[in-house]
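A.B. asks: Starting off with a structure, shown below.
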There are 2 protein chains.
Amino acid sequence: MRSDVLNPPNPRAYTFVGGDEGSMRVLSQRTVSGASIAPVSRVDMLASLLTELPSAAAWMLSGVATNDRYTTRTEKGELTSRQAPIGRPEATRAALILLRKRPEWWALAQDERRTILEEDSHHIAIGIRYLPAVARRLLHCRDLATDAPFDFLGFLDFAPDDEAAFEDMLVQLRATREWSFMDREIDIRLTKNDG
Amino acid sequence: MRSDVLNPPNPRAYTFVGGDEGSMRVLSQRTVSGASIAPVSRVDMLASLLTELPSAAAWMLSGVATNDRYTTRTEKGELTSRQAPIGRPEATRAALILLRKRPEWWALAQDERRTILEEDSHHIAIGIRYLPAVARRLLHCRDLATDAPFDFLGFLDFAPDDEAAFEDMLVQLRATREWSFMDREIDIRLTKNDG
């Protein structure tokens, strides 16, 4: 293979690796809808693309941080002014939420998806209410050159005291019209402390 | 590498291969803005993902057909009712347009990009005026797991008699505010007839 025509990894790509190793310990792994994946005891989040599964791993999932798809300038301004980055020292708890939406969602026009997501479901507004306590990194998988098993990988971290607020946020989101388009969801809770 | 955790190619992925072989003959290759790519005499369009450059090829470019990013339900209805598929027997001429937009574009909010693309630049409305004569397949590269040299690969085909109309469309699009965000554009014209 000629290296001069091969593309380097996308600098916005991340890979989650599940197995017996990794920086985060799994507290729970729950299949909310659709098919499950292999249960694991640890998860790693790598700011890179892996092309080979590490020998001790059960699965790896890649995604890319992309441009905003739905947020308006006003919403983006509010998000930017309030949100915290992933990886604060006090954010020792995390959730990895694996999501796939039904083909019907992807066949909608942009204005229809925006209406369901925000005007009907208040997805952006609900998320803003939990800032800066719940930080998040949303990765997209659907437009990778390989056929990914999920459309989105959501990684969120927070202090242990904010886990109840995080649960509250999830309950609200899962009750929305937008969530009726989910056909697969897996909720993996993590701690960054080994203790 | 364990095959059970590798993803198959995305069924919406296509690869263009440039070199001395391929089903389409290059009539012209023009760098409109930004860096050029190696000149080639033939181009192939494959409905698949290649991971290795064919031995006779100079370059390969992959992209994925994705969901609509800007079109409203009304616009989508009009597009769907008027557009023709790629590959009509009379559409013996084609253009492969390679495009990349500046980072400033990608940093805009969704409503700002929509306003520039359609309310200011009439991108969708201009395209509709040339339906069904000019058929198109728009592929996205920016969210691939590898760092692609272009954001979009546009493939358009038309009858030889409609090439003037196609030129007219391009002139209009290149004069728009949206096009001021392009930092790289290469325009490759092709014939599907060898003669």
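The values are calculated or read from the model by the stated rules, or taken from the named source; none is laboratory data. Remember, predicted model here, so these are calculated numbers, not experimental data. No Cβ is skipped: glycine too gets one built from the backbone with ideal geometry, and neighbour counts run over all protein chains shown. With ligands, DNA and RNA removed, areas are computed over all heavy atoms of the protein, side chains included. Shrake-Rupley method; radii C 1.70, N 1.55, O 1.52, S 1.80 Å.
A.B. asks: Determine the shielding of peptide B:54-67 by partner chains: average, over its residues, the number of Cβ atoms on other chains within 10 angstrom of each Cβ. All intermediate terms of the calculation are to be shown ahead of the outcome.
C.D. replies: Working: counts 0, 1, 0, 2, 3, 3, 3, 2, 2, 2, 5, 1, 4, 11.
Per-residue shielding by partner chains comes out at 3.
A.B. asks: How about A:Lys192: which lysines have a C-alpha closer than 23 Å to its C-alpha, ignoring those fewer than 8 places off in the same chain?
C.D. replies: List returned: none.
A.B. asks: In Å³ and rounded to a whole number, note down the convex hull volume per residue for the Cα atoms of region B:3-191.
C.D. replies: Spread over its residues, the Cα hull of region B:3-191 gives 137 Å³ apiece.
A.B. asks: For chain A, the longest stretch holding no GluC sites (Glu not before Pro) located in a DSSP loop with at most 16 other Cβ atoms within 10 Å is which?
C.D. replies: That would be A:91-195.
A.B. asks: Just how far, in whole angstrom, is region B:98-171 from region B:8-84 if you go by their alpha carbon centroids?
C.D. replies: Value for the Cα centre distance between the two parts: 13 Å.
A.B. asks: Can you pull the mean other chain C-beta count within 10 Å for peptide B:105-112?
C.D. replies: Mean partner-chain Cβ count within 10 Å for B:105-112: 6.
A.B. asks: Still on this structure, please answer the following. To the nearest 500 deg cm²/dmol, what mean residue ellipticity at 222 nm is calculated for chain B from DSSP H runs of n ≥ 4 alone, each contributing -39,500 (n - 2.57), summed and divided by the residues? Please list the in-between numbers first.
C.D. replies: On the way: 5 runs with 39 residues, N = 195.
My calculation for chain B gives -5500 deg cm²/dmol from helical runs alone.
A.B. asks: Shifting gears a bit: At a cut-off of 30 Å², which residues of region B:125-163 become less accessible once all protein chains are present than in their chain alone, using a 1.4 Å probe?
C.D. replies: Residues shielded by partner chains are B:Arg142, B:Asp143, B:Leu144, B:Ala145, B:Thr146, B:Asp147.
A.B. asks: Quote the relative contact order of chain B in percent (integer), defining contacts as alpha-carbon pairs under 8 Å separated by 6+ residues.
C.D. replies: Dividing the mean separation by the residue count of chain B yields 32 percent.
A.B. asks: Can you list, shortest first in nanometers, how far B:Thr80 lies from the same residue in the other copies, with each label 7 Å from Cα toward Cβ?
C.D. replies: The projected label point of B:Thr80 is separated from its counterparts by 3.5 nm.
A.B. asks: Which residues in region B:92-107 place their backbone N less than 18 Å from a point set 7 Å from the Cα of B:Asn193 along the Cα-to-Cβ direction?
C.D. replies: Backbone N within reach: B:92-95.
A.B. asks: To continue, here is another question. Rule-of-thumb check for region A:11-99: C-alpha Rg over 2.2 N^0.38 Å? The partial results should precede the final answer.
C.D. replies: Numbers: Rg = 15.4 Å, N = 89, 2.2 N^0.38 = 12.1 Å.
Taking the Cα Rg and dividing by 2.2 N^0.38 Å, one obtains 1.27.
A.B. asks: Still on this structure, please answer the following. How far is A:Asn193 from the same spot in each other copy, in nm, shortest first, if each label point sits 7 Å from Cα toward Cβ?
C.D. replies: 7.6
A.B. asks: Explain nothing, just compute: Karplus ³J(HN,Hα) = 6.51 cos²θ - 1.76 cosθ + 1.60, θ = phi - 60°, for every residue of region A:85-94 in order, whole Hz, x for Gly and Pro.
C.D. replies: 3J(HN,Hα) across region A:85-94, in whole Hz: x, 4, x, 4, x, 7, 7, 8, 10, 8.
A.B. asks: Which whole number gives the average, over all residues in A:39-47, of C-beta atoms from other chains lying within 10 Å of the residue C-beta?
C.D. replies: 0
A.B. asks: Scan region A:27-103 for trypsin sites (Lys or Arg not before Pro) in coil per DSSP, keeping those whose Cβ has at most 16 other Cβ atoms within 10 Å, and list them by number.
C.D. replies: When the trypsin sites (Lys or Arg not before Pro) of region A:27-103 are filtered for loop state and at most 16 Cβ neighbours within 10 Å, A:Arg69 remain.
A.B. asks: So what's the protein assembly as shown giving for Rg/Rh, alpha carbon basis, Kirkwood Rh from the mean inverse pair distance?
C.D. replies: Ratio value, two decimals: 0.99.
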